[in-house]
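Chemist: Submitted below is the structure of interest, expressed as structure tokens.
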């Protein structure tokens, strides 16, 4: 099953505006999704760059978003735990929360935002990394959606 993931920040496949990157304010774009199964217990969000020279570079991991959530506002706070009970983990920069595109000069990379509808809340400590999130989600994904943008520095 698939979710529909969108953002008003940029068109699918288009360039990500500088405000969402290391060349600007480095804030997360607003994300909106729909189509979750009725028995969704939580959501997880991941953003990564498969074109990074050292392999996939993780820019954002977030989980245990309440099942009533279908929108993340622009500029999600960079805290391990948020007021709604959701958690954010450590990205490949070694930081908590979102850090936007920042490819090597002269290169255009693709950045994939993914949202996962899960059948349970995850028992995963705040600050975990993508590997920990992937392990915790295994066998719990009911549906997922994807949205891609590019960035050139």
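Chemist: Quick check: anything in segment 105-119 modelled with pLDDT of 95 or more, part of a loop (DSSP other than H, G, I, E, B), surrounded by 17 or more Cβ atoms within 10 Å (Cβ to Cβ) and in contact with a strand residue (DSSP E or B) (Cβ under 9 Å, 6 or more places away or on another chain)?
Modeler: no
Chemist: Here's another thing I want to ask about it. What number of residues within segment 88-104 are assigned to a strand (DSSP E or B) and touching a residue at least 40 places away in the same chain (Cβ under 8 Å)? Don't jump to the end; show me each part of the working.
Modeler: Of segment 88-104, the ones assigned to a strand (DSSP E or B) are 88-90, 96.
Okay, now just the ones that are also touching a residue at least 40 places away in the same chain (Cβ under 8 Å), so 89.
So the count comes out to 1.
Chemist: Tally the residues that are more than 18 Å from residue 96 (Cα to Cα) and either in contact (Cβ under 8 Å) with a residue 40 or more places away in the chain or in a strand (DSSP E or B) (or both), restricting the search to segment 123-135.
Modeler: Final tally of qualifying residues: 0.
Chemist: Among the strands (runs of 3 or more DSSP E) confined wholly to segment 1-73, which include 1 or more residues that are in contact with a helix residue (DSSP H, G or I) (Cβ under 7 Å, 6 or more places away or on another chain) and under 22 Å from residue 129 (Cα atoms)?
Modeler: 42-49, 57-65
Chemist: Also: Quick check on segment 124-153: of everything there that is at pLDDT below 95 and surrounded by fewer than 15 Cβ atoms within 10 Å (Cβ to Cβ), which residue is farthest from residue 7 (Cα to Cα)?
Modeler: 125
Chemist: Sticking with this one: Got at least one residue in segment 48-57 being closer than 22 Å to residue 152 by Cβ, in contact with a strand residue (DSSP E or B) (Cβ under 9 Å, 6 or more places away or on another chain) and surrounded by 23 or more Cβ atoms within 10 Å (Cβ to Cβ)?
Modeler: No.
Chemist: Oh, and also: Could you run through segment 1-44 and say how many residues are touching a strand residue (DSSP E or B) at 6+ places or on another chain (Cβ under 6 Å) and under 14 Å from residue 75 (Cβ atoms)?
Modeler: Going through segment 1-44 one residue at a time, the tally reaches 3.
Chemist: Hey, does segment 87-100 have a residue that's within 20 Å of residue 11 (Cβ to Cβ), in contact with a helix residue (DSSP H, G or I) (Cβ under 7 Å, 6 or more places away or on another chain) and modelled with pLDDT of 95 or more?
Modeler: Among the residues of segment 87-100, at least one is within 20 Å of residue 11 (Cβ to Cβ), in contact with a helix residue (DSSP H, G or I) (Cβ under 7 Å, 6 or more places away or on another chain) and modelled with pLDDT of 95 or more, which makes the answer yes.
Chemist: Here is a list of conditions, (1) touching a residue at least 12 places away in the same chain (Cβ under 8 Å); (2) at positive phi, and residue 139 meets all of them except one; can you say which number that is?
Modeler: The number of the failed condition is (1).
The values are calculated or read from the model by the stated rules, or taken from the named source; none is laboratory data. Since this is a predicted model, take the numbers as computed values, not measurements. A quick note on method: Cβ atoms are made from the backbone with ideal geometry, for glycine too, and the neighbour counts reach across all protein chains shown.
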